[in-house]
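The values are calculated or read from the model by the stated rules, or taken from the named source; none is laboratory data. Since the model is a prediction, treat every value here as computed from it, not as a measurement. Here the Cβ is made from the backbone with ideal geometry for all residues, glycine too, and neighbour counts use every protein chain on show.
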Amino acid sequence: MQLVCYVKYEDLHFLLASSGYTKTDADQYIPSLKGVLASLFLDYVRHFVCFSVLPNSADPNDFTTRVACFGDTPLVLRPEIAVEVMLTCTADLQTTAYNGWKRRRGKKILETYRRMIRDLSQATDEQKREHLKSLSQEFSQNSYAEARIYRAITWDDIEDDCRKRLEIGVHK
């Protein structure tokens with residue numbers, strides 16, 4: 001399995017900063033994310049790093065896949081990051097939460113959407129790895145699983161081969 005974070009090339013310098021690189025959800029999605037996560041008794045975390053869970057056979061540089069719309073530069077993360085995953089979704093989390101919130105019945109989020117999101121905060125390291133591995137097997141050109149960690153990533157979190165390919169551009 002590959003853990004791939006897609007970023008904009010011009011944002012690579014954040015990986016070298018002491019604060020690292022994080023993402024935030026688009027403002028229009030935050031209310032639906034908060035609502036759906038609250039229905040699962042989970043807190044919304046504003047700063048995070050999200051990444052796709054791809055099978056080893058997938059090419060992170062294939063920009064015909066839907067996941068590549070989030071940035072022009074794929075960062076393959078070190079496999080050790082898997083044990084830090086706190087939340088996963090079988091699809092894009094923002095879209096899933098938005099659709100679940102929009103289609104709720106009163107205050108009840110449809111079970112279909114709730115089942116797509118999984119809290120891994122209490123899972124063991126092995127359970128997290130196994131869950132991510134199973135998600136990677138469901139990858140397709142039009143669909144991908146999302147995982148989130150609740151900290152910034154730095155240059156040290158990038159897999160060595162990926163880091164070597166990017167070093168020239170980042171250190172200009």
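Here TYR98 fulfils each of the conditions (1) closer than 16 Å to VAL7 by Cα; (2) among the hydroxyl-bearing types (Ser, Thr, Tyr); (3) outside any strand (DSSP E or B) apart from (1). Of the residues making up region 107-116, not a single one is exposed (fewer than 12 other Cβ atoms within 10 Å of the Cβ) and either in contact with a Phe, Trp or Tyr (Cβ under 9 Å, 6 or more places away or on another chain) or more than 24 Å from LEU33 (Cβ to Cβ) (or both).
When only residues in region 122-136 that are touching a helix residue (DSSP H, G or I) at 6+ places or on another chain (Cβ under 6 Å) and under 12 Å from LEU87 (Cα atoms) count, which is surrounded by the most Cβ atoms within 10 Å (Cβ to Cβ)? Give the steps one after another, and end with the answer.
In the first step, residues of region 122-136 are kept if they are touching a helix residue (DSSP H, G or I) at 6+ places or on another chain (Cβ under 6 Å); the result is 125, 128-129, 132.
Now narrow it down to the ones that are under 12 Å from LEU87 (Cα atoms): 128, 132.
Values: LYS128: 20, LEU132: 22.
Here the residue is LEU132.
Among the candidates ALA82, ALA97, which residue alone is more than 17 Å from ARG165 (Cβ to Cβ), over 13 Å from the mean Cα position of the chain (by Cα) and among the hydrophobic types (A, V, I, L, M, F, W, C)?
Details: ALA82 fails: over 13 Å from the mean Cα position of the chain (by Cα).
Selected residue: ALA97, the only one of ALA82, ALA97 that is more than 17 Å from ARG165 (Cβ to Cβ), over 13 Å from the mean Cα position of the chain (by Cα) and among the hydrophobic types (A, V, I, L, M, F, W, C).
Residue count for region 137-149 under the criterion of being out of contact with any helix residue (DSSP H, G or I) (no Cβ under 6 Å at 6 or more places or on another chain), crowded, with 16+ Cβ neighbours inside 10 Å and assigned to a loop (DSSP other than H, G, I, E, B): the result is 1.
ILE109 meets each of the listed conditions (1) more than 17 Å from the chain's Cα centre (by Cα); (2) modelled with pLDDT of 90 or more; (3) β-branched (Val, Ile, Thr) apart from (2).
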